[in-house]
Amino acid sequence: MAYVYRHIRLDKNEVFYIGIGNDSKGKYSRANNIKGRSPIWKNITKKTTHIVEIIEDDITWEEACSKEKWWIKFYGRKNINEGTLCNLTNGGEGIIGLVRTEEHRKKQSDAAKNRPPMSQEIKDKISRTVSLVQTGIPCSPEKAAKISKSLMGHKINLGRPCSQESAKKISDAQKGKSKTPEHLEKLRKAAKTRKRTKRGKMIQLICPFCSKKGGNNSMKRYHFDNCKLKK
C-alpha cells in the first residue's frame, strides 16, 4: 500500500517537502531516503536537520497521488511564492511504471561510473542525518542534548508549548481551510489505524479537523469527533 509523508525542518519548525511512497511491509524507505532529492531539498538539509512524518497511510497509489496534490496545495510551493515547500511540481506524477529508454539508462550508468568517491566528511554527515531521521539509531549524549535544546519552546505537533505569536500563525493558517465530507471521512479512517515503522516507532494519530498530532488516548479524547474545530 502507498502512503504520503512530509519533511519538517527543525530550524524554522515548518514543513518543507511533501512526498509519496509505495513500500511494502511498512518500511517507509522512500520517506527516509536522502538520495534522489532535488538541489533545493539538499540545500535545506545542509543547513538544518529534519524529521519525517507519515500523514496518510494504507492507501492505493492513485489515492496517494491525489492526496499528495492536495497537501502540496495546502502548504504551497516556495518556487511560485505560495508557501514553504521545495516541491518543484504540483505532485501526483509519481515514478511507478516509468519506462526509461536505453539512452537514458546509458547516461545514468556513465554518470555513476564517473562519479568521484564519497569523502569521509560527507559519509559522516549522511550518518549524522540518518541518525536523526530514523529512530532506533543511537547518538552521543552531546547530540541528544543539542536536539532536545532545539525542540524546546517549539510545537511540532507533539504537544510542546509555543509562543502566542506562533499559535496565532497556526490559527490563521487553519482558518478558511475547508475539506469535503468525503476527504474528512478518509482522514478519519486513516488516522484510526496506527502503524509501526521498521524500527518500532509508533505513528501517532492526526486529527483531520485541526491537524493536531498525538498519542492514541489523548487524541481520541480531545480530537476527532470531540475536536473544537469540528464545527
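Worth a mention:
- Scope segment 208-223; condition assigned to a strand (DSSP E or B) and of a type outside the set (Gly, Ala, Ser); matching residues: 213
- For segment 36-80, the set of residues classified as under 30 Å from residue 112 (Cβ atoms), of a type in the set (Ser, Thr, Tyr) and more than 14 Å from the chain's Cα centre (by Cα) consists of 38, 48, listed by residue number.
- In segment 211-231, the residues that are touching a residue at least 12 places away in the same chain (Cβ under 8 Å) form Cβ pairs under 7 Å with partners that are of a type in the set (Lys, Arg) and not in a loop (DSSP other than H, G, I, E, B), at six or more places apart or across chains, as follows: 224/188.
- Options 68, 62, 53; residue that is among the acidic types (Asp, Glu), more than 27 Å from residue 170 (Cβ to Cβ), at pLDDT 85 or above and not assigned by TED's automatic domain parsing to the domain that holds residue 180: 62
- Single unsatisfied condition, residue 31 versus (1) buried (at least 16 other Cβ atoms within 10 Å of the Cβ); (2) at pLDDT 90 or above; (3) under 27 Å from residue 144 (Cβ atoms): (2)
- Residue check, residue 171 modelled with pLDDT of 65 or more, surrounded by fewer than 10 Cβ atoms within 10 Å (Cβ to Cβ) and assigned by TED's automatic domain parsing to the domain that holds residue 207: no
- Long-range neighbours under 7 Å by Cβ, at least six apart or interchain, first residue closer than 12 Å to residue 19 by Cα within segment 30-56, second hydrophobic (A, V, I, L, M, F, W, C) and part of a strand (DSSP E or B): 31/52; 31/54; 32/52; 53/8; 55/4; 55/206; 56/4
The values are calculated or read from the model by the stated rules, or taken from the named source; none is laboratory data. Predicted model only: the values in this text are computed from it and were never measured. Glycine gets a Cβ as well: all are built from the backbone with ideal geometry, and neighbour counts include every protein chain shown.
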